[in-house]
Each structure stands twice: as structure tokens, then as C-alpha cells.
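The values are calculated or read from the model by the stated rules, or taken from the named source; none is laboratory data. Just so it is clear, the model here is predicted, and its values are computed rather than measured. Neighbour counts run over all protein chains shown; Cβ positions are idealised from the backbone, glycine included.
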Amino acid sequence: MHALPYWRLSGYYFFYFAFIGAFSPYFGLYLQSLNFSAWDIGLLMSQMQLMRLFGPNLWGWLADHFGRRMAIIRLAAVIGLAGFTAFFWLDKLPGMLLAMAILAFFWSAALPLVETLTFDHLREERGRYSRIRLWGSIGFIVAVMGTGALLDMAPPVGVVWVCWGILVGILLYALTLPEATLVEHSGVQPIGEILRQPKVIALMTACFAMSAAHGAFYVFYSIHLDAHGYSKTEVGLLWSLGVVAEIAVFMFMARLSRRFSLRAILLASFGAAIVRFLLMGWGVESATIMIVVQLLHGLTFGAYHAASIAAVNQWFPGRAQGRGQALYSSLSFGAGGLLGALISGRTWDSLGSGWTFTLGSLFALVGFVLVWGWVGANATVNRENRAKTKDPVQ
């Protein structure tokens, strides 16, 4: 009888996304306290996206080639922690860039491998994925609220200590994760044939655009709020509200997927992103508008990510699924996020926050057009598997 290591997987997700919850909103504020320019901050923070561009594909290939998935996950946790530890002694751009690159290169290795590990453990119960992934969102909320409250009382360097402690938690859970029995698949469509399909090209390009649209959000949103008088606690509450909206979408995604096609869900997500980033740039003076902005995160990340993962699982079957996940991660969170971070770092001082976020809205519009034109109206989850998979989108 196969026993699902639910709490070990959930604990890993909790700490992995807790790191994002502490790092993404607040590390830029720490860099600002060291008197780095907006361009320097964008350059440093973009290393996370740069390493996601090729890191997941390299680590995925190594895991497939040598069959040592768990060894790579644990190695990534060890060296990622070591790279981050250097921040306690660094305050100049060259050293910070090197430490950030080491952290990002090894940190980016883990999640696609843990995602495939989780699905291998779930086997025919993939609907339970959302119940495991949910703990990642909870970890994010705990970290973003806790770190925000801490930084209202402590100096900005406090975020370095928080992130370091969370990385220790990632390492401890990585050491406990068990390998899953791999199931061999036959008759898998060649990866080249999959990648040449217009719907796959359109979706991957749209995912690239969506991550580029979020570039300024992940790098400068906290700085944006701080500059307009929001306290660190209020910043944390707004970030947390976005993840609460994300959790709500995850909880109802099964029902949404039965009622709407993946194309419809993706169009709603990209449409929401167009509106969200316009409001983010020009409505920051209103706390009510910022609440609406963060509630839209449920669509622009939660629904978008769940629908995209579902499409990858459906369109990259069997052994191609791991490469599909790596490609999705590299093109979207890697290349798209990198472009968005670099553009926002260049335009923040020259064009201002309003126009920087407007560029994000334009990226979302590009993604909307791609999904509208090339992802077919019949793009949906595989209804033949619903008897086995209770929650097919997730």
C-alpha cells in the first residue's frame, strides 16, 4: 500500500514559499537601506529570474540522466543556504551579485524536481496536489506578515536573519523527503512534436509575458507602498491578502475547471492582470484600490498558475512532463521574470512607478491576445481522467 508522505511534502512547500514571502517583499527594502540604486536593486533581484532561465532545465536533465533526484534537491538546499549566508558580510554590488547568483542557481533547482516528486507520490490521486501546495501559500502568509511586523520594530537587516532561518527549514525538510517509485510510460510523443504545436507555443509565450508583467510587482511593490506612507505591517497585510485570494482560488479550482475551459480561465487571468497593474501604478494613494489590486492576485497568479500547470500536465504526457514543467518554469518565472525585473529596474527612476506598472499591463495584454488567438476553445483538462483525478486542474 502506497503511503503518501503528506506532511513532509507539505512542510517542504511551507518553508519554500515562506522564503519567497520573506525575501520578495522585503529584501529590496534591505538593499535600499544599503543605498543601492533602483537599477542595482533590479539587477540583484533579477538574479532569481536569471537562474530560473536555465537552472531548472539543467537540474532536470541531471536528475533524469543520473536518476539522483533527491540528491540534487538536498544539494540545492545545502549550497543555497551557504550562498545566502554570505549576505551577513557583504554590502558591495560585486559580492552581492555573486552571492545572489549562487543562491538563485541552487534554489531554482529544487521546486520543479519537488513538483514532479509530489506528482509521482500522488500517482492517480493528483487532485490532492492542491491540499499539499496549499501549505506553501500558508507559509508565504506567515512569512510575509511576520517579517513585516518584525521590520516595523527591527532594522532592515532583520530580513536577512529571517530568510536564513527559513532556508535552514528548507534544508531540514529536504533531508526527510522520500524518493517516489517512478512509473514508466510508453508511447510518449517526442518532445519536439509537442513544442511545435501552436497552442503550446502560444501558451509558453503567454506565460513568459505574464511573468514579465509581474516583474515590477515582485521587485518594487513594497518600495512603491513604502514610498507612499504604508507601514511595514500594512505592506505585509497587503501581500498576505493576495495569497489569501490565491488560496481561495486553489480551493475552488476543481469546480472552476469543470465549469470553464482552461482557455476561459486563462483569458480571465490575463484580463485581470491588465487591470491590476494599471491600478497598482496609478491608484497607490487609495488603500481600497490596493486591496482590490491584491485580491486580483487570486486570478493573476492562482488561477493562471493552476490552469497553466494543468495544460502542461495534459500536453506533456508521461516522461515528457518533467521537461514540460522545467520549460514552463524557465520561460515564465525565468526569462519572463528576468525581463520584467530588468525593465522595471531601468524605468523606475526614469519613467516613474505609474508608467513602470503600465508596462506590466501591456505585457499582460500581449498574453491575453496570444491565448485568445491560439489556445483553442476546447483546451481543457482531460475529462477521461476525472474518475481517477478528483481535482484535475491542480
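Counted as qualifying within region 59-161 are the helices (runs of 4 or more DSSP H) with 3 or more residues that are among the hydrophobic types (A, V, I, L, M, F, W, C), touching a Lys or Arg at 6+ places or on another chain (Cβ under 7 Å) and closer than 22 Å to PRO317 by Cα, namely 93-122.
For region 182-200, the criterion of being modelled with pLDDT of 90 or more and either under 16 Å from GLY360 (Cβ atoms) or among the hydroxyl-bearing types (Ser, Thr, Tyr) (or both) is met by none of the residues. On the basis of being crowded, with 18+ Cβ neighbours inside 10 Å, of a type in the set (S, T, N, Q), modelled with pLDDT under 85 and under 17 Å from the mean Cα position of the chain (by Cα), does SER130 make the cut? Yes, satisfied. Picking from residues in region 231-256 that are in contact (Cβ under 8 Å) with a residue 12 or more places away in the chain, more than 16 Å from ALA22 (Cα to Cα) and not aliphatic (A, V, I, L, M), the one that is surrounded by the fewest Cβ atoms within 10 Å (Cβ to Cβ) is PHE250. Looking only at residues of region 269-312 that are among the small types (Gly, Ala, Ser) and without any contact (Cβ under 8 Å) to a residue 60 or more places away in the chain, we find that the one that is surrounded by the most Cβ atoms within 10 Å (Cβ to Cβ) is SER269. Summed over region 29-57, residues that are modelled with pLDDT of 80 or more, within 21 Å of the chain's Cα centre (by Cα) and surrounded by fewer than 16 Cβ atoms within 10 Å (Cβ to Cβ) total 0. The selection criterion, being buried (at least 24 other Cβ atoms within 10 Å of the Cβ), among the hydrophobic types (A, V, I, L, M, F, W, C), closer than 19 Å to ILE20 by Cβ and out of contact with any Pro (no Cβ under 7 Å at 6 or more places or on another chain), holds for ALA341.
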